[in-house]
1. I want to check the label-to-label distance for Asn36 and Ser207. Put each point 7 Å from Cα in the C-beta direction and report it in nm to one decimal.
2. Distance between the C-alpha centers of the stretch 230-256 and the stretch 95-139? Whole Å please.
3. If you place +1 on the Cβ of every Lys and Arg and -1 on the Cβ of every Asp and Glu, how big does the dipole about the Cα centre of the stretch 116-180 come out, in debye to the nearest 20?
4. For every other residue with a beta carbon closer than 11 angstrom to the beta carbon of Asn301, add +1 if it is Lys or Arg and -1 if Asp or Glu, then tell me the sum.
5. Sum up the lysine pairs in the chain that clear both bars: alpha-carbon distance under 22 Å and a spacing of 8 or more or different chains.
6. Of Ala97, Phe205, Ser75, whose Cα points farthest to the positive end of the dipole of the chain (charges on the beta-carbon: +1 Lys, Arg; -1 Asp, Glu; origin at the Cα centre)?
7. Would you mind checking which residues have amide H under 5 Å from Val307's amide H? H placed 1.01 Å from N; only 5 or more apart, or other chain.
8. What order do you get for 135-143, 194-202, 78-86 when each peptide is scored by the mean count of other beta carbon atoms within 10 Å, highest first?
Amino acid sequence: MGGAGIRVLAAVLALAAATRCAAQLKQDYYAAVCPNLESIVQDAVAKKVQETAIAVGATIRLFFHDCFVEGCDASVILVSTGNNTAEKDHPSNLSLAGDGFDTVIQAKAAVDAVPQCANQVSCADILALATRDAIVLAGGPTYPVELGRLDGLSSTSTSVDGKLPPPSFNLDQLTAIFAANNLSQTDMIALSAAHTVGFAHCGTFSSRIQPAAVDPTLDASYAAELQAACPAGVDPNIALEIDPITPHAFDNQYFINLVQGRGLFTSDQVLFSDDRSRPTVVQWSQNSSDFEQAFVAAMTNLGRVGVKTDPSQGNIRRDCAFLNN
Ligand code: HEM
């Protein structure tokens, strides 16, 4: 077989392996061991979000950052130890808000408090469920969550290098990094709409609002608002709502903002500036049910990324922040 043939075979085998893993996830995975799992997690997430609405965006982003590094295996939740710097301490993860981690810890505690369920449910699955519940609590679409992921056995800061998109990415770069996770450009556009909730620090978009060179794709009055909120030398801890129009609602306002030149990151606004993704942005700005349908499909695909289902690859962590033993 020639080189091209081997490459084709390798691609087919990789696809088959990916499909096999995904096929092992199923909605009723815990039906026998923890029949009320969904409502236990839902109640815990609702309680957490009632305490602080910040938990919504924090949890959704945590799931994304988990899945893109070593797959959806809760490896992002592990803490660093004496001789190991974990994923969560990589520069790209330092802005993950503590309330996302706490949402998972609280939900895990609620699950483990039910004797039948104790130590039966993975942190990775609890994060997947909590993410769906956070989206629904913010008014977004509901969807069935596939379950059966095992928790990863390692977490290293170096494994994060190059795996998460910076806000400066253009369309080709965004498409490529999502493709590396078996996600389409349409999935990428849909998932970017998670920026309809949550916060961003001034430093993530400051290069776009330099008075001498304001990004021309940015609406002028929005640029002025951002400059006022994030002047040169601003406290780096200051964060703004990513969607200032409906900051707490999980809706298609994100796409309406993009059409108006009000996307906060370069990676947001490029979805409208680039001819290749603009038609999708325009369509979803006008039709929220089309957006919701695409979003649900994309979240399901995100939840399948690199999942571990073989006991040789993972386990069910007793404490989401620490490896067993
Ligand atoms: C497409 C490429 C993406 C880029 C470049 C990107 C970049 C960023 C950046 C820079 C922030 C601000 C972080 C901070 O300053 O604290 C942020 C926040 C956020 N991102 Fe993304 N992101 C992307 C995709 C996604 C995806 C796929 C999701 C989830 C499905 C997501 C969910 C969120 C959420 C919810 C927040 C707000 C977090 C909070 O309030 O704590 N992002 N993103």
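Each value in this text was obtained by applying a stated rule to the coordinates, not by laboratory testing. What you are looking at is a predicted structure, and each value in this text was computed from that prediction instead of being measured. With ideal geometry, Cβ positions are generated from the backbone for all residues, glycine too; neighbour counts draw on all protein chains shown.
1. 5.1
2. Their Cα centres are 25 Å away from one another.
3. For this selection, approximately 40 debye.
4. Computed value for this residue: -1.
5. Lysine pairs satisfying the spacing and distance rule in the chain number 10.
6. So the residue we want is Ser75.
7. Cys72
8. Descending mean neighbour count gives 194-202, 135-143, 78-86.
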